[in-house]
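A.B. asks: After the structure tokens below, expect a handful of questions from me.
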Amino acid sequence: MKAPIVIIGSGFAAYQLVKSLRKLDSDCPITVVTADEGHEYNKPDLSHVVSRSQSAAELVKLTGAEFAEQQRITLLARQTVERIDPAQHRLELADQSLGYGQLVLATGARAMVPVIDGLMGGDIITLNGLEEYQQHQQRLAEARSVLVIGAGLIGTELAMDLASADKQLVLTDMAPQLLPRLLPEFIASRLYRCMDEMPVRFELGTQVQQAVAQDRGYRVTLSNGQQHSVDAVVAAIGLRPNVQLARQAGLAVNQGIVVDSQLRTNVAGVFALGDCAERDGQLHPYLQPTLLAASALAKTLLGQPTDAIRANTLVKVKTPQLPIQLAGDTGNADAQWEVKVDADGMTASAFDTQQRLIGFVTTEQHMKNAFPLMRQLPVS
Ligand SMILES: Cc1cc2nc3c(=O)[nH]c(=O)nc-3n(C[C@H](O)[C@H](O)[C@H](O)COP(=O)(O)OP(=O)(O)OC[C@H]3O[C@@H](n4cnc5c(N)ncnc54)[C@H](O)[C@@H]3O)c2cc1C
């Protein structure tokens, strides 16, 4: 029998690839090996689970077993791949070894956890996956006050969600503004004003120095001298691609696993996709680029080498009080901005020194301008 296409991981990247493969070939053998249960869910929903009082179980669209049956794949759930042997085309799991024809790493990324005096690893909640939420959902539901560390995309969305669920929120970041890598200060301050009407205390331009456990939660001290008592601490300070397996197997690794336009690593027959992969020197940790890449990779794996379409990603900031869509180089400090504001919202376009459009931000009703602007934006 033909050796299977083996995919490591069962997140969006892995399952999108399975669906793309099945659209083209109903029979090719596919094995998915995953460290988790293999349930299919929509990870971005984690940004509003608390305000919607949704449990982890309610986010599951298909259980691993249901997905495997629907897509006719072999699913090895709760199995961590410990080693890849590219010379022998084999994977080592805890108690078995597995051969592959072609191998795809879709191992995702893990949430970084800050080192804070007085807080152990388990004290800090991260929400980068269904099982992390499952582990902490009760603590989050019961918490009356929460400190969120990190005011980037995920941290800001989580803070707004928790505040919408009537929790007292402290949102802190080393940077002096919200979404520091994505928004210029004049738009971030608009978001700040919207959030200011909620029970959110901003502590920007400062760091958590230490925490002391209390009866209920922690007393946290910041480097600006402020102290806050909170029931729970959530960290959203960024993600780090899971590259250990790849590095050990001799694959080229930079920030992520280095792949070319066909998602090929430097080792024949081994590919990488999703949050773990780095293409054109950049990580693309969003659904849309992964969807396009999965569709191309399916063709490549089935014998029709295909470049993944390069497209700009439209980033949606899921902050209901001020919905935002943006694309391009919106965090560029040298950009010159052209801004149109009215009662319906804002359209801000960023230009480089040669007056070329390099990015844009739209809010509220102005989000209808996002697609026309996307078409004018050169692919970066
Ligand atoms: C709160 C939140 C909100 C988001 N909102 C948006 C949004 O609005 N729009 C958007 O485009 N993107 C959003 N994202 C990002 C998007 O969800 C991710 O880019 C995407 O889900 C990543 O999918 P993935 O399959 O690459 O990785 P993951 O979902 O991380 O999957 C990795 C898989 O690899 C498995 N694995 C890892 N190592 C091993 C091993 N050694 N052996 C076996 N299995 C292994 C894991 O168990 C897991 O199944 C959001 C992310 C978060 C956390």
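A.B. asks: Which of the following residues is away from the ligand (no atom under 16 Å from the Cβ), closer than 21 Å to Arg110 by Cα and either open to solvent by 30 Å² or more (accessible area, probe 1.4 Å) or not in a loop (DSSP other than H, G, I, E, B) (or both): Val148, Val212, Val258, Val233? Give the steps one after another, and end with the answer.
C.D. replies: Numbers: Val148 fails: away from the ligand (no atom under 16 Å from the Cβ); Val212 fails: closer than 21 Å to Arg110 by Cα; Val258 fails: away from the ligand (no atom under 16 Å from the Cβ).
The unique qualifying residue is Val233.
A.B. asks: Can you name every residue in region 330-341 that is surrounded by fewer than 17 Cβ atoms within 10 Å (Cβ to Cβ) and touching a residue at least 24 places away in the same chain (Cβ under 8 Å)?
C.D. replies: Of everything in region 330-341, those that are surrounded by fewer than 17 Cβ atoms within 10 Å (Cβ to Cβ) and touching a residue at least 24 places away in the same chain (Cβ under 8 Å) turn out to be Gly331, Asn332, Trp337, Val339, Lys340.
A.B. asks: Looking at (1) open to solvent by 30 Å² or more (accessible area, probe 1.4 Å); (2) in a strand (DSSP E or B); (3) farther than 28 Å from Ser47 by Cβ, find the lone condition where Arg201 falls short.
C.D. replies: Failing condition for Arg201: (3).
A.B. asks: Pick from Leu130, Leu182, Leu158: which is within 12 Å of the ligand (Cβ to nearest atom), in the same structural domain as Arg219 (by TED's automatic domain parsing) and farther than 21 Å from Pro199 by Cβ?
C.D. replies: Selected residue: Leu130, the only one of Leu130, Leu182, Leu158 that is within 12 Å of the ligand (Cβ to nearest atom), in the same structural domain as Arg219 (by TED's automatic domain parsing) and farther than 21 Å from Pro199 by Cβ.
A.B. asks: For region 242-255, which residues satisfy the criterion of being more than 20 Å from Lys43 (Cα to Cα) and surrounded by fewer than 24 Cβ atoms within 10 Å (Cβ to Cβ)?
C.D. replies: Correct list: Val243, Gln244, Leu245, Arg247, Gln248, Ala249, Gly250, Leu251, Ala252, Val253, Asn254, Gln255.
A.B. asks: Those residues that are assigned to a helix (DSSP H, G or I), under 24 Å from Thr313 (Cβ atoms) and under 19 Å from the mean Cα position of the chain (by Cα), I need them from region 155-195; list them, please.
C.D. replies: Passing the criteria: Gly155, Thr156, Glu157, Leu158, Ala159, Met160, Asp161.
A.B. asks: Output the residue which, of all residues in region 92-118 that are touching a Phe, Trp or Tyr at 6+ places or on another chain (Cβ under 8 Å) and open to solvent by less than 20 Å² (accessible area, probe 1.4 Å), is nearest to the ligand (Cβ to nearest atom).
C.D. replies: Ranking the candidates gives Leu105 first.
A.B. asks: Could you check Gln177 against (1) closer than 23 Å to Arg139 by Cα; (2) in contact with a helix residue (DSSP H, G or I) (Cβ under 7 Å, 6 or more places away or on another chain); (3) open to solvent by 20 Å² or more (accessible area, probe 1.4 Å) and say which number it fails?
C.D. replies: Unmet condition: (1).
The values are calculated or read from the model by the stated rules, or taken from the named source; none is laboratory data. Worth saying up front: this structure is predicted, and the values here are computed from it rather than measured. Reconstructed Cβ throughout: ideal geometry from the backbone, glycine too, with neighbour counts over all protein chains shown. Accessible surface is based on the protein model in full, side chains and every heavy atom, while ligands, DNA and RNA are left aside. Shrake-Rupley method; radii C 1.70, N 1.55, O 1.52, S 1.80 Å.
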